[in-house]
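What follows is one structure encoded as structure tokens, with my remarks underneath.
The values are calculated or read from the model by the stated rules, or taken from the named source; none is laboratory data. Keep in mind it's a predicted model, so treat the numbers as computed, not measured. Because the Cβ atoms are built from the backbone with ideal geometry, glycine has one as well, and the counts that use them run over all protein chains shown.
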Amino acid sequence: MANKLIREYSTSLHASPPRAFRHFHRGLRGLRLGIDRDYVLMGIHPGRSKAIESAVALLRDLGARIVEVKMPDVSRVVDIWQPICGHEMAAAYAAIYPARADELGPHLREFLENGGRVTPEQLAAADRARQALTQQLNLLLQSVDAMASPAGGDPAWPITHAIQVGPLAAYHAAWSAAAPRSAEFTMPMDLAGVPAICLPSGFSPDGLPYSIQFTGRRLTEAVLLRIAHAYETATPWHNRHPSDRLI
């Protein structure tokens, strides 16, 4: 049964893995780094905006060529992700949910219950939207070697015990209030099946970490590692940690 589910729902590429550490130390000269400043900088924490701008300027100084690009509309990306993820999780957990529901956490139980309600029509509509977004994002990535964006909209936000064990809607409401655009920076890459890497890119005035994300075309992990190595070599952020008072 498990093998059948893996075969049916696997989305892995049928391709040989790339040699990810090839050209690891080549530097960034001539590499094209895309950025859509409207997508990247609007509606996020001002400190994170400044950190992203500083990171892009540093990469330019290291030899990368900064290219202005236009990100597809991702404002409804959650509406695409939820039915697909819910349906696939419900199928993957069919052997234990609902039969062993009491062994699962409240958020997972609720998500699985909602996933079981996804209709074929809803799933088909979400899949069409996913394919359209994938095509648009792949077209953008053909014009550059990688793209820079935040890995979330704001610094870390507090999660209370009540949010952890309460209704899923309460968690989503708290997340949306604290970081309203964070899904727009990670879910598109998930849905399109393209690689991304996230790195520390600074700290807020109260000591919370910022991060930057680099996204590339499929099977271009070597390019992303090349960017990551160059950026971490030139910055101190990966050697710093939040203070004990924040843990």
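Any residue at all in the stretch 163-177 that's in contact (Cβ under 8 Å) with a residue 24 or more places away in the chain, within 25 Å of Val77 (Cα to Cα) and outside any helix (DSSP H, G or I)?
Among the residues of the stretch 163-177, at least one is in contact (Cβ under 8 Å) with a residue 24 or more places away in the chain, within 25 Å of Val77 (Cα to Cα) and outside any helix (DSSP H, G or I), which makes the answer yes.
Can Ile212 be described as of a type in the set (Val, Ile, Thr), in contact with a strand residue (DSSP E or B) (Cβ under 6 Å, 6 or more places away or on another chain) and surrounded by fewer than 20 Cβ atoms within 10 Å (Cβ to Cβ)? Please lay out each step first, then the result.
Numbers: of a type in the set (Val, Ile, Thr): yes; in contact with a strand residue (DSSP E or B) (Cβ under 6 Å, 6 or more places away or on another chain): yes; surrounded by fewer than 20 Cβ atoms within 10 Å (Cβ to Cβ): no.
No, not satisfied.
Out of the residues in the stretch 130-173 that are more than 29 Å from Asp38 (Cα to Cα) and among the polar types (S, T, N, Q), which is farthest from the chain's Cα centre (by Cα)?
Here the answer is Thr160.
Out of all the residues in the stretch 126-149, which are in contact with an Asp or Glu (Cβ under 9 Å, 6 or more places away or on another chain) and within 30 Å of Gly207 (Cα to Cα)?
Going residue by residue through the stretch 126-149, those that are in contact with an Asp or Glu (Cβ under 9 Å, 6 or more places away or on another chain) are 126, 129, 133, 136, 140, 147, 149.
Within the stretch 126-149, Met147, Ser149 meet the criteria.
Quick check on the stretch 32-55. Is at least one of its residues over 24 Å from Ser204 (Cβ atoms), among the small types (Gly, Ala, Ser) and either surrounded by 15 or more Cβ atoms within 10 Å (Cβ to Cβ) or modelled with pLDDT under 95 (or both)?
Within the stretch 32-55 (the criterion being over 24 Å from Ser204 (Cβ atoms), among the small types (Gly, Ala, Ser) and either surrounded by 15 or more Cβ atoms within 10 Å (Cβ to Cβ) or modelled with pLDDT under 95 (or both)), the answer is yes, since at least one residue qualifies.
Would you confirm, using the coordinates I've provided, whether Ala57 is aliphatic (A, V, I, L, M) and within 22 Å of the chain's Cα centre (by Cα)?
no
Need the failing condition index for Thr233 against (1) assigned to a helix (DSSP H, G or I); (2) at pLDDT below 95; (3) not acidic (Asp, Glu), just the number.
The one condition Thr233 does not meet is (2).
Name the single residue that is surrounded by the most Cβ atoms within 10 Å (Cβ to Cβ) among those in the stretch 170-203 being among the polar types (S, T, N, Q) and modelled with pLDDT of 90 or more.
The initial filter retains those residues of the stretch 170-203 that are among the polar types (S, T, N, Q), namely 176, 182, 186, 201.
Still in the list and also modelled with pLDDT of 90 or more: 186, 201.
On the way: Thr186: 19, Ser201: 24.
Once the filter is applied, the top-ranked residue is Ser201.
For a quick check of your reading of the model, give me the residue pairs whose first member lies in the stretch 15-35 and is over 16 Å from Asp61 (Cβ atoms), whose second is exposed (fewer than 15 other Cβ atoms within 10 Å of the Cβ) and small (Gly, Ala, Ser), with beta-carbon atoms closer than 9 Å and at least 6 apart or on different chains.
Going by the 9 Å Cβ cut-off, the qualifying pairs are Gly34/Ser143.
Go through (1) more than 25 Å from Ile44 (Cβ to Cβ); (2) surrounded by fewer than 16 Cβ atoms within 10 Å (Cβ to Cβ); (3) modelled with pLDDT under 90 for Gln142 and report which single condition fails.
For Gln142, the failing item is (3).
Of everything in the stretch 56-66 that's assigned to a helix (DSSP H, G or I) and in contact (Cβ under 8 Å) with a residue 40 or more places away in the chain, which residue is surrounded by the most Cβ atoms within 10 Å (Cβ to Cβ)? Quick ask: steps written out before the conclusion?
Of the residues in the stretch 56-66, the ones assigned to a helix (DSSP H, G or I) are 56-61.
Now drop any that are not in contact (Cβ under 8 Å) with a residue 40 or more places away in the chain, which leaves 56, 58-59.
On the way: Val56: 18, Leu58: 16, Leu59: 24.
Checking each candidate, the answer is Leu59.
Out of all the residues in the stretch 203-220, is one or more more than 18 Å from Leu28 (Cβ to Cβ), among the charged types (D, E, K, R) and in contact with a Ser or Thr (Cβ under 9 Å, 6 or more places away or on another chain)? Spell out how you get there, then give the answer.
Going through the stretch 203-220, the residues more than 18 Å from Leu28 (Cβ to Cβ) turn out to be 203-211, 218-219.
Then keep just the ones that are among the charged types (D, E, K, R); that gives 206, 218.
Still in the running and in contact with a Ser or Thr (Cβ under 9 Å, 6 or more places away or on another chain): none.
No: zero hits.
If Val77 satisfies every condition in (1) at pLDDT below 95; (2) under 27 Å from Ala126 (Cα atoms); (3) surrounded by 11 or more Cβ atoms within 10 Å (Cβ to Cβ) but one, which is the exception?
(1)
Where residues in the stretch 91-116 are part of a helix (DSSP H, G or I) and aliphatic (A, V, I, L, M), which of them is modelled with the lowest pLDDT?
In the first step, residues of the stretch 91-116 are kept if they are part of a helix (DSSP H, G or I); the result is 91-92, 101-103, 106-116.
Subset that is aliphatic (A, V, I, L, M): 91-92, 101, 108, 112.
Working: Ala91: 93, Ala92: 93, Ala101: 94, Leu108: 90, Leu112: 95.
My answer is Leu108.
Quick one: Asp154 ticks every box in (1) of a type outside the set (Val, Ile, Thr); (2) assigned to a loop (DSSP other than H, G, I, E, B); (3) modelled with pLDDT of 85 or more except a single one, so which number is it?
Going through (1) of a type outside the set (Val, Ile, Thr); (2) assigned to a loop (DSSP other than H, G, I, E, B); (3) modelled with pLDDT of 85 or more one by one, Asp154 breaks only (3).
Exactly one of (1) assigned to a helix (DSSP H, G or I); (2) closer than 13 Å to Gly34 by Cα; (3) of a type outside the set (Val, Ile, Thr); (4) touching a residue at least 24 places away in the same chain (Cβ under 8 Å) is unmet by Met71. Its number?
Of (1) assigned to a helix (DSSP H, G or I); (2) closer than 13 Å to Gly34 by Cα; (3) of a type outside the set (Val, Ile, Thr); (4) touching a residue at least 24 places away in the same chain (Cβ under 8 Å), only one is false for Met71: (1).
Condition first: of a type outside the set (Asp, Glu), at pLDDT 95 or above, closer than 17 Å to Trp81 by Cβ and touching a strand residue (DSSP E or B) at 6+ places or on another chain (Cβ under 7 Å). Can you find one or more residues in the stretch 121-131 that meet it?
no
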